[in-house]
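This report refers to the structure that appears directly beneath it.
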Amino acid sequence: MKIDFKCYDCIFKLILELSEKLGHCNDSRKNLANEMLNAFIDVSSNGGTPPEVLAHLWGGIHVRESGCSDPMAEIKHNSTRLALQLLPRLREIVNASDNPFDTALRLAAAGNIIDYGINRDLDLSTVEESITSILDQPYDKNAASELKKRMDAADSILYMLDNCGEAVIDRLLMEPYKEKLTVGVRGIPVLNDVTRPDALESGIDFAPVIDTGDGTAGVSFTRSSPEFLEKLHNVDLVIAKGQGNFESMEHLLKRPVFYLFRAKCEVITTLLNCPFNSIQIIPGNLE
């Protein structure tokens, strides 16, 4: 999707707030703000999706200013550790369900709440309650049924991960289809998104992992590696977790796809005409 004016405000605040939380000095944050203001002018004239703009500012400015290639490594590790502690309880819920696929799908969508890119004040101690509460939330049952039918019928599925912590809970939905699955991750650290090492730490060792070769918090059709784009354009089905994947691939990806996320910002809720934090299962290019 095209970047909205409100996205600029969100991205700007996000990077500066993270810089402050990471303990950067005032001069460093001032330099960061000045560079971002100039960069916004260049990026605005060249277009791009919100995740591509964020990648430009994060990888090109914030990482350099911080002197660290993965400034959120500790946050990612803590999110993954918490989710691994929750996983046995969530697996019990799925196994006891009358409809295990439906329950796993809901929990995978609920895991999308572990997102420091949207909720910078996330209290990990409340995550379990937030995740399990989604079991009573309404969602598109027809889309869920169609997703199961497509996953059952597909010979090859690319499952694009989103955030650390969330990726652990995605295992509940992925594992029954591991024989036909390839797992997609970011090629370069960006925010709290999953990279290859993060996927391994999350216990995702049951299927091949492919990375984008790029630091976009989504999928860039201009920056991703040829190997990744070949996989993306040739699988039977793509499952894309999180807003970043939706924002970057909506209307651009021409393969059968299901976007699975919670609507967590005003731009998205306005675009989809949906409630804040609602479960979204959005199909695309189904024949």
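Table for the structure above
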item	result
Any chance residue 244 is farther than 25 Å from residue 94 by Cβ and touching an Asp or Glu at 6+ places or on another chain (Cβ under 7 Å)	yes
Residues of region 25-47 satisfying the condition of being surrounded by 17 or more Cβ atoms within 10 Å (Cβ to Cβ) and at pLDDT 70 or above	29, 32, 36
Options 281, 268, 204: the member that is of a type in the set (A, V, I, L, M), surrounded by 15 or more Cβ atoms within 10 Å (Cβ to Cβ) and over 27 Å from residue 141 (Cα atoms)	204
Residue in region 240-253 that is over 27 Å from residue 130 (Cβ atoms) and either in contact (Cβ under 8 Å) with a residue 40 or more places away in the chain or open to solvent by 30 Å² or more (accessible area, probe 1.4 Å) (or both) present	yes
Subset of region 134-152 (residues that are open to solvent by less than 80 Å² (accessible area, probe 1.4 Å) and free of Cβ contacts under 8 Å to residues at least 40 places away in the same chain)	145, 152
Helices (runs of 4 or more DSSP H) (entirely within region 200-287) containing at least 1 residues that are in contact with a Gly (Cβ under 8 Å, 6 or more places away or on another chain)	226-232, 243-249
Residue count, region 198-221 (criterion: touching a residue at least 40 places away in the same chain (Cβ under 8 Å) and out of contact with any strand residue (DSSP E or B) (no Cβ under 8 Å at 6 or more places or on another chain))	8
Failed item, numbered, when residue 234 is tested on (1) surrounded by fewer than 20 Cβ atoms within 10 Å (Cβ to Cβ); (2) at pLDDT below 95	(2)
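The values are calculated or read from the model by the stated rules, or taken from the named source; none is laboratory data. Since we're looking at a predicted model, the values are computed, not measured. Every residue, glycine among them, receives a Cβ derived from its backbone with ideal geometry; neighbour counts consider all protein chains shown. The area values use the complete protein model at the heavy-atom level, side chains included, leaving out ligands, DNA and RNA. Shrake-Rupley method; radii C 1.70, N 1.55, O 1.52, S 1.80 Å.
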